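**Q** I'd like to ask you about the structure that follows.
The values are calculated or read from the model by the stated rules, or taken from the named source; none is laboratory data. Bear in mind the structure is a predicted one, so any value in this text is a computation, not a measurement. Neighbour counts are summed over all protein chains in view; Cβ atoms, including those assigned to glycine, are modelled from backbone coordinates with ideal geometry. SASA here: full protein model, heavy atoms, side chains in, ligands and nucleic acids out. Shrake-Rupley method; radii C 1.70, N 1.55, O 1.52, S 1.80 Å.
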Amino acid sequence: MVFVTVSHFCKKFTKKYQLRFVDSLRLNVKGGHGGNGYPKYGGIGGQGGCVQFEANEKNSLNALAKKYRGIAIKAESGEDSSKSRILGRRGEDLKIKVPIGVTIFDENHTKIGELNEPGDTCLAAGGGIGGCSGNNFLGTKGQSHVVTLDLKLIADVGMVGFPNAGKSTLLKAISRANPKIASYPFTTLRPQIGTIGYSDYRQITVADLPGLIEGAHANIGMGHKFLKHIERTKLLLMVVDLFGFKLSAVHRLRTCIQNIYALNKELELYDNELLDRPCILLLNKIDEDGAQSEYDQIKEKILDLKSHTNDCPEELLSERYLEFDDVHVISAKNEIGIDNVKTSIRELLDKYAEKTENLSTDSNSNIKENCG
Ligand SMILES: Nc1nc2c(ncn2[C@@H]2O[C@H](COP(=O)(O)OP(=O)(O)OP(=O)(O)O)[C@@H](O)[C@H]2O)c(=O)[nH]1
Ligand SMILES: [Mg+2]
């Protein structure tokens, strides 16, 4: 088990983070009531409107939380049938715009929708039916649910690393994003997405996640909140500081290679399938004095983590180890090696997309053969 120390520092950080970034939200949604019928003339009440969620690029859960937390979101009721209008008007549907990448669960934690493309919709609460002969001309209640919206960012590439490794500096160097960068840990408090633009107009999105700490898999330092965002990425960029990382004065310094083992362990404990994902290792801060000799000491070992576990503290040992598709020594700050990183990202994404395509073509042809 990875050592788990919840310092005062982490608690303070967690509190601050919670205030700033909402990626899970519970909402109370109600379909509109059906309108009453008109027995004398056989009039039918209008159906109640329903509540739908629709994915939209511009929306955030923070905005929704501000607007709707603590209040019921209710669609319009259907109109009663009347002498002048025998068929009551249908209540208006209510479309709530949510960010792309939201999954919606009902109160039993059953998934009711996943909105991954702009314009995707999901019905959250149906409206009640209008009053008619079948229900004594009394309109019925609309559905009522407490739903949970869970946001996972969707990006091609996800960056993982401990605080201060230089992830945001790298995002700035490879994309048009302008993230906050500072020399203290936990500068990035919410996941951020940048886009790498290539000369042929190809675009690849990269998510910069807040720094992890040991124990992230067990949600220390809001680890789940961050790790869940890499679930939907196709390629991992592991960023480590060649000089290692020390969380605070009371924590021990983890060397660069120990950090790689620690990140491996966090990924394995959170979801060991993440270890099968294509991964590029970036050893950062090569511009600093002594960085080259730090690199020389570990360059053989990082290519075969499994065979060099004598460099790994016992608590960081994993069952399986990442095999990096590429390793780059870079300076995010001085933009050394950045073009190679961009090329490598693109080539690997293409290579794995091709592999997946071939696999699905193969399995389709197997199905045909079996049928034939
Ligand atoms: N010398 C040197 N310093 C760097 C390099 N990359 C980043 N830094 C510095 O390292 C510090 C941390 O950089 P960030 O980009 O904020 O690190 P981060 O990984 O995003 O940190 P968190 O957001 O806290 O997880 C800053 O002072 C950067 O200027 C580099 O290549 N060389
Ligand atoms: Mg950062």
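**Q** Please state which one of THR103, THR110 is in contact (Cβ under 8 Å) with a residue 40 or more places away in the chain and either under 30 Å from GLY43 (Cα atoms) or among the β-branched types (Val, Ile, Thr) (or both).
**A** Details: THR110 fails: in contact (Cβ under 8 Å) with a residue 40 or more places away in the chain.
Answer to the selection: THR103.
**Q** I want to confirm something. Restricting to the stretch 171-194 and keeping residues that are within 9 Å of ligand 2 (Cβ to nearest atom) and of a type in the set (A, V, I, L, M), which single residue is least open to solvent (accessible area, probe 1.4 Å)?
**A** LEU171
**Q** Pairs please, first residue from the stretch 271-286 and assigned to a helix (DSSP H, G or I), second anywhere and of a type in the set (Lys, Arg), Cβ atoms under 7 Å, 6+ apart in sequence or on different chains.
**A** What qualifies is ASN272/ARG320; LEU275/ARG320.
**Q** Considering each of SER293, SER307 in turn, give the residue that is of a type in the set (Ser, Thr, Tyr) and within 16 Å of ligand 1 (Cβ to nearest atom). Steps first, answer last, please.
**A** On the way: SER307 fails: within 16 Å of ligand 1 (Cβ to nearest atom).
Only one candidate passes the filter, namely SER293.
**Q** Hey, among ALA249, ALA207, which residue is open to solvent by 10 Å² or more (accessible area, probe 1.4 Å), assigned by TED's automatic domain parsing to the domain that holds LYS285 and of a type in the set (Gly, Ala, Ser)? Outline the logic, then answer.
**A** Working: ALA207 fails: open to solvent by 10 Å² or more (accessible area, probe 1.4 Å).
From the options ALA249, ALA207, the qualifying one is ALA249.
**Q** Okay, next question. If I go through the stretch 200-212 residue by residue, how many of them are aliphatic (A, V, I, L, M), within 14 Å of ligand 2 (Cβ to nearest atom) and in a strand (DSSP E or B)? Working first, answer last.
**A** Step one: filter the stretch 200-212 for residues aliphatic (A, V, I, L, M), giving 204, 206-207, 209, 212.
Next cut, within 14 Å of ligand 2 (Cβ to nearest atom) only: 206-207, 209, 212.
Now restrict to residues that are in a strand (DSSP E or B): 206-207.
Selection size over the stretch 200-212: 2.
**Q** Any residue in the stretch 194-206 that is at pLDDT below 85 and either hydroxyl-bearing (Ser, Thr, Tyr) or more than 25 Å from ASP350 (Cβ to Cβ) (or both)? Give the steps one after another, and end with the answer.
**A** Within the stretch 194-206, the first condition is being at pLDDT below 85, and the residues that meet it are none.
Among the residues of the stretch 194-206, not one is at pLDDT below 85 and either hydroxyl-bearing (Ser, Thr, Tyr) or more than 25 Å from ASP350 (Cβ to Cβ) (or both), which makes the answer no.
**Q** Kindly evaluate GLY197 against the criterion of being within 22 Å of GLY337 (Cβ to Cβ) and free of Cβ contacts under 8 Å to residues at least 24 places away in the same chain. Show your work before the answer.
**A** Working: within 22 Å of GLY337 (Cβ to Cβ): yes; free of Cβ contacts under 8 Å to residues at least 24 places away in the same chain: yes.
Taking the combined requirement at face value, the residue satisfies it.
**Q** Being of a type in the set (D, E, K, R), near ligand 1 (Cβ under 8 Å from one of its atoms) and either within 18 Å of the chain's Cα centre (by Cα) or not in a helix (DSSP H, G or I) (or both) is the filter here, so list the residues in the stretch 161-199 that pass it.
**A** Taking the stretch 161-199 as the starting set, the residues that turn out to be of a type in the set (D, E, K, R) are 167, 172, 176, 180, 190.
Pick out the ones that are also near ligand 1 (Cβ under 8 Å from one of its atoms) and you get 167, 172, 180.
Scanning the stretch 161-199 gives LYS167, LYS180.
**Q** Do we have LEU138 as at pLDDT 95 or above, open to solvent by 10 Å² or more (accessible area, probe 1.4 Å) and assigned to a strand (DSSP E or B) here? Let's see the steps before the verdict.
**A** Details: at pLDDT 95 or above: yes; open to solvent by 10 Å² or more (accessible area, probe 1.4 Å): yes; assigned to a strand (DSSP E or B): no.
No, not satisfied.
**Q** Restricting attention to strands (runs of 3 or more DSSP E) lying wholly within the stretch 86-133, give those where 3 or more residues are hydroxyl-bearing (Ser, Thr, Tyr), buried (at least 16 other Cβ atoms within 10 Å of the Cβ) and at pLDDT 95 or above.
**A** On the way: elements: 94-98, 102-105, 111-115, 121-125.
No strands (runs of 3 or more DSSP E) qualify here.
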